[in-house]
Amino acid sequence: EGEAGALTTLAHVAVLLGRNDEAVEAAILCVRLCNPDTPTPQAVLAYNGLGIAYGWSGNFERANAALALAIEIAGLCEPPVSAYQPLLNQAWIEASRLAEERYEKGEIGNLEPLARLIDDCRALEQEGAGSTVMPGLMPAARTVSLVLGALLAAWRRDVAAARREAELAVRSLGGIVTWLDAVVHWMLAELAWLQSDWKSAEIALREMKELGLAVEHEQLACMAHLLLVQVFEQQGKFPQAQQEQRALRARERRMRSDSVSSREAVVKWQLGARQSDIMQQFLIEAV
């Protein structure tokens, strides 16, 4: 259980740093360490972590499958565990998928799956069942829930609802800068985009990028680049859009390079551990 918990933490940290391969690897190993015959909160966390790792890696189908398993296991635990955390992550993954799909196709896709997920989350919140498997994540979950509501309203072109949710999301932030500040700036950019306030959208997305880098959340920095490309294209600023695309590719190359270096370090550590085991066995046999 202790090792599974450590791997869950490793997967989350690797996601933040943009080391997708390492994140998925750690999350899969964590899942394998859980007893398949005994539904536990640890298993819920493991599959939830795997879903997040797959989601940030761009594999949305596998992300949803892992999070669906987390929700199923949560209901089988004795006593039952709240499915709110993996359900909220499903909504986040769907919002991220829609933003990426808009980048590829030029328009937002079907919003109904996201709307259903947000409705399910809000229903749990109203029932008092909107708790996370890790209680310390509750403040973050509330901010994410409000941001998702604002994004959905903005994409539906409901200015009043988007502003209402956005104001609550901004007020939910704490005094210390975290990755949530970057997420809120994404929401503010979408609200400005809705109103064709391109200057405010650009400012919010540049701030999102800087905040992502300040808290070492490489994935959010990449998302800010992706969104800026779309905002520039909407204005016909194609040279700026191309420049932003080049910056995104450069960041992605650095992330891949860091990931390779990280895997090399792990292999070195594993070889050292194996040599230590061999030496211990030799000493035991010698005695």
Note on segment 28-55: residues under 17 Å from the mean Cα position of the chain (by Cα) and more than 20 Å from TYR84 (Cβ to Cβ) are ILE28
Apart from one, (1) without any contact (Cβ under 8 Å) to a residue 24 or more places away in the chain; (2) in contact with a helix residue (DSSP H, G or I) (Cβ under 8 Å, 6 or more places away or on another chain) all hold for ASN89; the odd one out is (1)
Where a residue in segment 98-113 is at positive phi and its partner, wherever it lies, is open to solvent by less than 60 Å² (accessible area, probe 1.4 Å) and assigned to a helix (DSSP H, G or I), with Cβ under 6 Å and at least six apart: none
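Confirm whether VAL133 is modelled with pLDDT under 90, surrounded by 22 or more Cβ atoms within 10 Å (Cβ to Cβ) and more than 21 Å from ALA182 (Cα to Cα).
On the way: modelled with pLDDT under 90: yes; surrounded by 22 or more Cβ atoms within 10 Å (Cβ to Cβ): no; more than 21 Å from ALA182 (Cα to Cα): yes.
For VAL133, the condition - modelled with pLDDT under 90, surrounded by 22 or more Cβ atoms within 10 Å (Cβ to Cβ) and more than 21 Å from ALA182 (Cα to Cα) - is not met.
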Yes or no: LEU191 under 16 Å from ALA95 (Cα atoms) and more than 18 Å from the chain's Cα centre (by Cα)? yes
Qualifying positions in segment 8-21 - touching a residue at least 24 places away in the same chain (Cβ under 8 Å) and open to solvent by 20 Å² or more (accessible area, probe 1.4 Å): HIS12, LEU16, LEU17, ARG19, ASN20, ASP21
Count, please, the residues in segment 172-193 that happen to be within 14 Å of ALA162 (Cα to Cα) and open to solvent by less than 40 Å² (accessible area, probe 1.4 Å). 8
TYR47: touching a residue at least 12 places away in the same chain (Cβ under 8 Å), out of contact with any strand residue (DSSP E or B) (no Cβ under 7 Å at 6 or more places or on another chain), open to solvent by 30 Å² or more (accessible area, probe 1.4 Å) and farther than 22 Å from VAL31 by Cβ, yes or no? no
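Just give me the residues in segment 238-252 being among the charged types (D, E, K, R) and open to solvent by less than 70 Å² (accessible area, probe 1.4 Å), in sequence order.
GLU244, ARG251, GLU252
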Checking the structure you have, find out if any residue of segment 205-221 is hydrophobic (A, V, I, L, M, F, W, C), modelled with pLDDT under 95, within 26 Å of ALA83 (Cβ to Cβ) and buried (at least 16 other Cβ atoms within 10 Å of the Cβ). yes
Exactly one of these conditions fails for SER196: (1) buried (at least 20 other Cβ atoms within 10 Å of the Cβ); (2) on the phi > 0 side of the Ramachandran plot. Give me its number. (1)
Does any residue in segment 192-216 that is closer than 14 Å to TRP179 by Cα come within less than 8 Å, Cβ to Cβ, of a residue that is part of a loop (DSSP other than H, G, I, E, B) and open to solvent by 20 Å² or more (accessible area, probe 1.4 Å) six or more places away or on a different chain, and which pairs are these? LEU211/VAL177; ALA214/VAL177; VAL215/VAL177; VAL215/THR178; GLU216/LEU17
Single unsatisfied condition, GLY236 versus (1) without any contact (Cβ under 8 Å) to a residue 40 or more places away in the chain; (2) within 19 Å of LEU152 (Cβ to Cβ): (2)
Would you please name the residue that is modelled with the lowest pLDDT, looking only at residues in segment 15-56 that are of a type in the set (D, E, K, R) and over 27 Å from MET223 (Cβ atoms)? ASP37
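The values are calculated or read from the model by the stated rules, or taken from the named source; none is laboratory data. Predicted, not measured: the structure shown is a model, and the values here were computed from it. Note that we place each Cβ from the backbone using ideal geometry, even for glycine, and neighbour counts take in every protein chain shown. Ligands, DNA and RNA are excluded from the accessible area calculation, which covers all protein heavy atoms including side chains. Shrake-Rupley method; radii C 1.70, N 1.55, O 1.52, S 1.80 Å.
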